[in-house]
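Student: First the structure, which I've put down as structure tokens, then a few questions once you've had a look.
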Amino acid sequence: MIRIAPMGRVLAVAAAASLALTACGGGEETAAPATSAPATTAAAPATSAAAAGDGTLTIGSILPQTGDLAFLGPPEFAGVDLAVEEINAAGGVLGKPVTKIHADSGDAKTDIASQSVDNLLQQKADAIIGAASSGVSLTVIDKIVNAGVVQFSPANTSPEFTSYNDKGFYFRTAPSDVLQGRVLGDLMIQDGGENIAIMNRQDSYGTGLAAEVKKSVEGGGGTIAGEVAYDPAAPDFSADVAKIKEANPDAIALISFDETKKLIPELEKQGLGPDKVKIYFVDGNLADYSADFPEGLLEGVKGTLPGAASEGKFKENLLKTNPDLKDFSYAPESYDATILIALAAEAGKDDSGTGISKNLVAVSKGGTKCTDYKACLDLLKAGTDIDYDGVSGPVEFSDAGDPSEATIGIYKYGKDNKYTNETYLAGKVDS
């Protein structure tokens, strides 16, 4: 079951999974479909292409420097950079400094990610962090895992990855949109939505999240009055918005990326602006629009974003790493992905992709709790089994390489077209 407090409504969760959420204060392009083969992360077999570790852990990244999710790049790179800095300050992995190589993921309208992966594999990366976009990850996952290299995304949320035949080499610190969809649908119902429309990108991310929102809305007694899956590369969205207008919705879930900058003005033009209809964003478009829209245009718009808060000492350290950071989305997840990769290599005394993949689940749960690399490393050197709890949460991987515990933030836009947090919902998924 999903229980969202303080809202108080209980929703059914899809078969074989449950989530108990409690308040704790207050992305993607078109790609080839996933296979239907069962997930195999728990038993990570070595592929014929897998190379033995060379004693130096090399971590590559394919995160968005350009493309539809470029606003997510800076905090994600900062999370990786901070983690590598702390790992090396503590003595590195297997007694040597970790090597990092950053590359651009672009988006699925380009071949940037594939070229970046080729470059990272040539440089003998043992693990690759990224992509942020689920659709981009789906274009390169086979190339990465077939090379015996770990792919670890801090931001992929498409449910497809849970059952993808990744040979045990794919992991993520962001929860599946099964969770975000439930939270968003519940939020819309709690806010009084009865006749709800969904506009989503026609890609793996958009259709997957839309399906989960629909289940949640209908499970909570609401009605889906209209659904439009649009082409994100379309020159304009007037026809798509017109279809939504015909449904006469009182709330709209807008599941989009950067094209939000075109969609909102069109919605406003056709009488469906935020002052007329309740509009909800998701992680793919929850961004700072203070320089894009007239003051007050987004006031009252709400949105959801998987992930814990970047606060306290962690936030201070991120800003030391990149003083220009304005957004902190998925920084905790990027940091934890990097730390977990290092701990898995250290636990197995093997920096190869195969060695890392075999130990990632083990270092995330079941042992002595530790919350920073140095403390975890000391325990490992003493022969102690560890359970890393990070800044993004406990993590605790399922056998499919998904986090079994998660946090979803609920945010609201002010007059300045910037969003602030209203509450965080934390919970556990049992599968």
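Student: Conditions first: (1) assigned to a loop (DSSP other than H, G, I, E, B); (2) within 18 Å of the chain's Cα centre (by Cα). Gly409 passes all but one, so which condition is the exception?
Tutor: Unmet condition: (1).
Student: So, in region 307-327, exactly how many residues are closer than 22 Å to Pro403 by Cα and in a loop (DSSP other than H, G, I, E, B)?
Tutor: Matching residues across region 307-327 total 5.
Student: Before we move on, is Thr157 over 25 Å from Asn248 (Cβ atoms) and open to solvent by 10 Å² or more (accessible area, probe 1.4 Å)?
Tutor: The answer is no for Thr157.
Student: Can you confirm whether Glu212 is of a type outside the set (Val, Ile, Thr), part of a strand (DSSP E or B) and either in contact with a Leu (Cβ under 6 Å, 6 or more places away or on another chain) or open to solvent by 10 Å² or more (accessible area, probe 1.4 Å) (or both)?
Tutor: no
Student: In this structure, does Thr407 turn out to be surrounded by fewer than 21 Cβ atoms within 10 Å (Cβ to Cβ) and polar (S, T, N, Q)? Give the derivation first.
Tutor: Values: surrounded by fewer than 21 Cβ atoms within 10 Å (Cβ to Cβ): no; polar (S, T, N, Q): yes.
No, not satisfied.
Student: Next up: Within region 371-392, is even one residue among the acidic types (Asp, Glu) and assigned to a strand (DSSP E or B)?
Tutor: For region 371-392, residues among the acidic types (Asp, Glu) and assigned to a strand (DSSP E or B): present.
Student: Among the residues of region 355-369, is any open to solvent by 20 Å² or more (accessible area, probe 1.4 Å), β-branched (Val, Ile, Thr) and in contact with an Asp or Glu (Cβ under 8 Å, 6 or more places away or on another chain)?
Tutor: Yes, region 355-369 contains at least one residue that is open to solvent by 20 Å² or more (accessible area, probe 1.4 Å), β-branched (Val, Ile, Thr) and in contact with an Asp or Glu (Cβ under 8 Å, 6 or more places away or on another chain).
Residues checked against (1) farther than 25 Å from Leu138 by Cα; (2) in contact with a helix residue (DSSP H, G or I) (Cβ under 6 Å, 6 or more places away or on another chain); (3) open to solvent by less than 10 Å² (accessible area, probe 1.4 Å); (4) modelled with pLDDT under 95:
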{"position": "Gly193", "(1), (2), (3), (4)": "yes, no, yes, no"}
{"position": "Gly206", "(1), (2), (3), (4)": "no, no, yes, no"}
{"position": "Thr223", "(1), (2), (3), (4)": "yes, no, no, no"}
{"position": "Asp231", "(1), (2), (3), (4)": "no, no, no, no"}
{"position": "Ile252", "(1), (2), (3), (4)": "yes, no, yes, no"}
{"position": "Lys269", "(1), (2), (3), (4)": "yes, no, no, no"}
{"position": "Phe281", "(1), (2), (3), (4)": "no, no, yes, no"}
{"position": "Pro294", "(1), (2), (3), (4)": "yes, no, no, no"}
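Per-residue answers, yes or no, for (1) over 28 Å from the mean Cα position of the chain (by Cα); (2) in a strand (DSSP E or B); (3) over 20 Å from Ala233 (Cα atoms):
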site	(1), (2), (3)
Ile264	no, no, no
Lys276	yes, no, yes
Tyr280	no, yes, yes
Gly284	no, no, no
Asp288	no, no, yes
Asp292	no, no, no
Glu295	yes, no, yes
Leu298	no, no, yes
Leu305	no, yes, yes
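Student: May I ask you to list the residues in region 177-191 that are open to solvent by 10 Å² or more (accessible area, probe 1.4 Å) and modelled with pLDDT of 95 or more?
Tutor: The answer is Ile189, Gln190, Asp191.
Student: Just give me the residues in region 370-396 being open to solvent by 10 Å² or more (accessible area, probe 1.4 Å), within 18 Å of Thr173 (Cα to Cα) and of a type in the set (A, V, I, L, M, F, W, C), in sequence order.
Tutor: Val391
Student: Taking the conditions exactly as written (surrounded by fewer than 19 Cβ atoms within 10 Å (Cβ to Cβ), at pLDDT below 95 and either more than 21 Å from Arg172 (Cβ to Cβ) or within 20 Å of the chain's Cα centre (by Cα) (or both)), does Asp399 satisfy them or not? Let's see the steps before the verdict.
Tutor: Values: surrounded by fewer than 19 Cβ atoms within 10 Å (Cβ to Cβ): yes; at pLDDT below 95: yes; either more than 21 Å from Arg172 (Cβ to Cβ) or within 20 Å of the chain's Cα centre (by Cα) (or both): yes.
For Asp399, the condition - surrounded by fewer than 19 Cβ atoms within 10 Å (Cβ to Cβ), at pLDDT below 95 and either more than 21 Å from Arg172 (Cβ to Cβ) or within 20 Å of the chain's Cα centre (by Cα) (or both) - is met.
Student: Something else: When you go through (1) over 20 Å from Glu259 (Cβ atoms); (2) among the small types (Gly, Ala, Ser); (3) under 17 Å from the mean Cα position of the chain (by Cα) one by one for Gly220, which number turns out not to apply?
Tutor: Here Gly220 clears every test but (3).
The values are calculated or read from the model by the stated rules, or taken from the named source; none is laboratory data. Just so it is clear, the model here is predicted, and its values are computed rather than measured. All Cβ positions, glycine included, derive from the backbone under ideal geometry; neighbour counts span all protein chains shown. In case anyone asks, the SASA skips ligands and DNA or RNA and just uses the protein heavy atoms, side chains included. Shrake-Rupley method; radii C 1.70, N 1.55, O 1.52, S 1.80 Å.
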